[in-house]
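K.L.:
Okay, here's the structure, questions in a sec.
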Amino acid sequence: EFYSIPHNGSQSHAAILNDVISQTTSDLVCLLDQRLSGFIAGWLSDLVGQALQKGIGAVAPRLLNQNDTVVSNGMILISGKPPQHLSKGDKKDESGYFGWPRLCRGYSALSEKCLLFKRSDFDDAEGFNEQLHDPNLIGVDFCLRLKQLGLRNVLRPSVELYIDDRNDENEINASDLAFLEKHWHQWFEADPSFNPNLTINDDSKITVNLSPKIDFPG
């Protein structure tokens, strides 16, 4: 089944998604931003193969700009900052911190631009939060509710899709961010998918936190 989501000013983005997904009969749902390109044979089966494994919530590919720089390679939650896209702005062939950009690994949140998940998990998580309006933060909230169900959200960097994200540079919705930081306070304070003694600077680079939260023995 393929559904094109209309632009309807009378409904929020989350409400439209919930309405469309409620009409599906498929076991799996894949959200695709209309600006995505670069699809090659096997991209979907790769994501599906990961999503069907036990304990997996959402699955996403690595997202790139047309100039082969990274748009999103998983998302990190840090106190006092909006959700951060790992490796954003790096060249796609950079190995990054301990090779993280090249690893299939779990993250607390993933970009909603391409997100694959089981319909049953969507129902268990009670769909997308219609109190929120920022599509990016709607996706973060959904991913965290999957985590709350005990599921893992996994990035598959071997699958690469391209997107023009120039229109995504608008200021983030402050009220939505305030809701997330309050409702998911413990995740922003200590993202279990990120080393608490690291941080991400304003250039989206991982750096050592000079005021570490945890001292390790020895």
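The values are calculated or read from the model by the stated rules, or taken from the named source; none is laboratory data. Remember, it's a predicted structure, so these values are computed and weren't measured experimentally. All Cβ positions, glycine included, derive from the backbone under ideal geometry; neighbour counts span all protein chains shown. All accessible areas refer to the heavy atoms of the entire protein, side chains included, with ligands and DNA or RNA removed. Shrake-Rupley method; radii C 1.70, N 1.55, O 1.52, S 1.80 Å.
K.L.:
Here is a check on your reading of the model: is residue 110 crowded, with 18+ Cβ neighbours inside 10 Å and aliphatic (A, V, I, L, M)?
P.N.:
Against the criterion (crowded, with 18+ Cβ neighbours inside 10 Å and aliphatic (A, V, I, L, M)), residue 110 qualifies.
K.L.:
Tell me, which residue of segment 145-155 that is surrounded by fewer than 21 Cβ atoms within 10 Å (Cβ to Cβ) and in contact (Cβ under 8 Å) with a residue 24 or more places away in the chain is nearest to residue 21 (Cα to Cα)?
P.N.:
Out of the qualifying residues, it is 149.
K.L.:
Among the residues of segment 182-194, count how many are within 17 Å of residue 142 (Cβ to Cβ) and open to solvent by less than 60 Å² (accessible area, probe 1.4 Å).
P.N.:
So the answer is 5.
K.L.:
Give just the number: which of (1) part of a loop (DSSP other than H, G, I, E, B); (2) in contact (Cβ under 8 Å) with a residue 60 or more places away in the chain does residue 21 not satisfy?
P.N.:
Every listed condition holds for residue 21 apart from (1).
K.L.:
Just name the residue that is nearest to residue 115 (Cα to Cα) out of those in segment 8-19 that are open to solvent by less than 30 Å² (accessible area, probe 1.4 Å) and modelled with pLDDT of 90 or more.
P.N.:
17
K.L.:
When you go through 86, 144, 149, 116 one by one, which is the residue that is farther than 21 Å from residue 46 by Cβ and under 11 Å from the mean Cα position of the chain (by Cα)?
P.N.:
Details: 86 fails: farther than 21 Å from residue 46 by Cβ; 149 fails: under 11 Å from the mean Cα position of the chain (by Cα); 116 fails: farther than 21 Å from residue 46 by Cβ.
After ruling out the rest, the residue left standing is 144.
K.L.:
Separate question: Hey, residue 71 hits all of (1) within 12 Å of the chain's Cα centre (by Cα); (2) within 27 Å of residue 150 (Cβ to Cβ) but one; which does it fall short on?
P.N.:
Tallying (1) within 12 Å of the chain's Cα centre (by Cα); (2) within 27 Å of residue 150 (Cβ to Cβ), residue 71 fails exactly one: (2).
K.L.:
Within segment 92-99, identify whether any single residue is in contact (Cβ under 8 Å) with a residue 40 or more places away in the chain and open to solvent by less than 30 Å² (accessible area, probe 1.4 Å), and answer yes or no.
P.N.:
No.
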